[in-house]
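Notes for the one structure printed next.
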Amino acid sequence: MNATTGNTTAAATDTVAERPPVFSVDGLWKVFGPKAARVPADPDLAALSPAELRSRTGCTAAVADVSFDVRKGEVFVVMGLSGSGKSTLVRCLTRLVEPTAGTIAIDGEDVRAMDRSRLRALRRHRAAMVFQHFGLLPHRTVLDNVAYGLEVQGVGRAERRERAAAIVAKVGLEGLEQRRPGQLSGGQRQRVGLARALAVDPEVLLFDEPFSALDPLIRRDMQEEVVRLHREEGRTMVFITHDLQEALKLGDRIALMRDGRVVQLGTPEEIVGSPADDYVREFVRDVPREQVLTVRTAMRPAASADEAGTGPAIRPEATVSEAIEAVARAGSPARVMTDGRCLGVVDATDLLSVVAGTADPAAGSRDPAAGSRAAGAARVGDGGPPARAKPSVGEAPDRRRKPTTPPPATTEEPV
Ligand SMILES: Nc1ncnc2c1ncn2[C@@H]1O[C@H](COP(=O)(O)OP(=O)(O)OP(=O)(O)O)[C@@H](O)[C@H]1O
C-alpha cells in the first residue's frame, strides 16, 4: 500500500523493492490478427502506431514490448483506459491468453515453457484470479463456492469446509455461509469471489477490475478489504483498474498503459509528482497532489539548530496533507524525522508550493531512502542541499536557508 492510505511506510516499500520478483516479464507482446508473430519480429512493424499497424497488417498489438517485475509482497497495479491492454497483459501472466513473443517467469520458472499440468498448477495454486463478474457457481452455497478451489485441488471434505469457513469469516461473510450467490448483494458476491481465490492460498492474487461493477460505497469497502488483507498477509497482488483513484489508493507501484505499452511505471508519488510525458500529466492532472506526494518532496534543510530541534515531528512518508495539518496545529515548521534523525524541515510555504505545483518533486528529496525506488524515482541523495522548487514566473525570491551543521539527534517518535 502507498503513503496515501498510510498503511505501509515508504521504508517498507523500499524493502519490497529489494525483494526478489515473483513475476518477471520481459519484452512481452500479444498481437491479435493474421500472422501475428511477424509484428514483434520486424522492427518496422513493431514501431508502427496502432492505427498504422491495423491498416498495414490487420493486426492489433494489445500488449507491445512490455517489461516489468512484480516483487514479492507488493500491490502492482496495471492501469489504463479501456482498450489499453490491461486485461490481455494480466491474462498473459498465466497464459489464459497465449503471448506472441517475450518471456514470463514466475519465481524464475519459465511460464511459456510450462506444459498443461504445470499451467494448471500455476493457475490453481500459485496465481489465482479474482474476476469482475465473480464467476460463482449459482447452485452452491457461499461455503461450497469458497471450498470449490480446494475441492479441485483434492483437499478432503472436512478440511476444505474448515478452511473455507475460516476464509469466509476473514472476508466478513460470517453468518452467510449457507446462502446462494443469488441471495447476496454485489459487494457480498465479490467477497465470495475474493474468498474463493484466497482459499487456495496462492502466492499471487490477480484482480481483473474486480470492483468496477460495484456502487461507489461498496467499492470503497472492498478497496479497504484489499488494503486490510494486504496489510495482514503481505500477499503479492496484481490489480487491474481503469480508475486512477483506485490505482493510487491500492498500488505500491503502478504501470500506466496506453495502446499496449507501459508509458510509466512508478510509485503513485512518482506518477503524480513526475509524470513521464504529457499523456501521464493529463491523466493525473486533477489528482489532489497533497494527498499523494510526501513531505520528502517539500522538505528543505533546517535553517538553524533551533529549527532542527523544535517543532512537530513527522515521518518522511507522511503526505503533504498530513504535514499541512501538523504545521497548522503547531503554528511552526515541522521536522521530518526518521530513527531520531532530522532529515529536514517543512514550513507552510514549502507545503503550499507542492499544492500549487510549483515544487519539483524529482528535484525535491535527497533522502537516501528514496534511492532504492523504482524507475522514475526521486534521485538519490548526493549529500548536497536539496535543489527544491523550480522557480516559476513571478515566484517570490528563493527562501532557502543555508543548511545547519548536523541537527541534534532526538529520540522523539514522529507523528
Ligand atoms: N480476442 C481478441 N481479438 C482481437 N483483438 C482483441 C482481442 N482481445 C482484445 N483485443 C484488443 O486488444 C486491445 C486491448 O484489449 P484489452 O481487453 O486487453 O484492454 P483493457 O485495457 O483490458 O480494456 P477494458 O478496460 O475495456 O477491459 C483492444 O484494442 C482490444 O480490442
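Since every read-out is calculated from the coordinates, none of them should be taken as a lab result. Not measured: the values here are computed from a predicted model. Because the Cβ atoms are built from the backbone with ideal geometry, glycine has one as well, and the counts that use them run over all protein chains shown.
Approximating the spin labels as points 7 Å out from Cα along Cα→Cβ, the Phe32-to-Ala121 distance works out to 3.2 nm.
Which of Leu250, Ser274, Thr236 sits farthest toward the positive end of the charge dipole of segment 231-286, with +1 on the Cβ of Lys and Arg and -1 on the Cβ of Asp and Glu? Most positive-ward Cα: Thr236. Note on segment 53-137: Cα-Cα pairs beyond 15 Å make up 66% of the total pair count.
Please give the direction-averaged projected area of the C-alpha convex hull for segment 30-70, in square nanometres with one decimal.
2.9
Close amide H contacts of Thr100 (hydrogens built in the peptide plane, cut-off under 5 Å, sequence separation of 5 or more or a different chain): Trp29, Lys30, Val31.
Take every Cα-Cα distance within segment 55-205, group them into 10 Å bins from 0 onward, and report for each bin the whole-number percent of pairs it holds. P(r) for segment 55-205, in whole percents per bin: 10, 35, 31, 19, 5, 1. The slack in the chain from Glu18 to Ala348, taken as 0.36 nm per residue of separation less the alpha-carbon distance, amounts to 115.4 nm. Ranked by how many other Cβ atoms sit within 10 Å of their own Cβ, fewest first, the residues His139, His242 fall in the order His139, His242. Please compute the modelled spin-label separation between Val355 and Leu176, points set 7 Å along Cα→Cβ, answer in nm with one decimal. Once both label points are built, they end up 4.0 nm from each other. For segment 204-297, the alpha carbon convex hull comes to 116 Å³ per residue, rounded to a whole number. Distance between the 7 Å Cα→Cβ label points at Glu325 and Ala158: 5.1 nm. Roughly speaking, what % of Cα-Cα pairs in segment 138-213 are separated by over 18 Å, rounded to a whole number? When all Cα pairs of segment 138-213 are counted, 34 percent exceed 18 Å.
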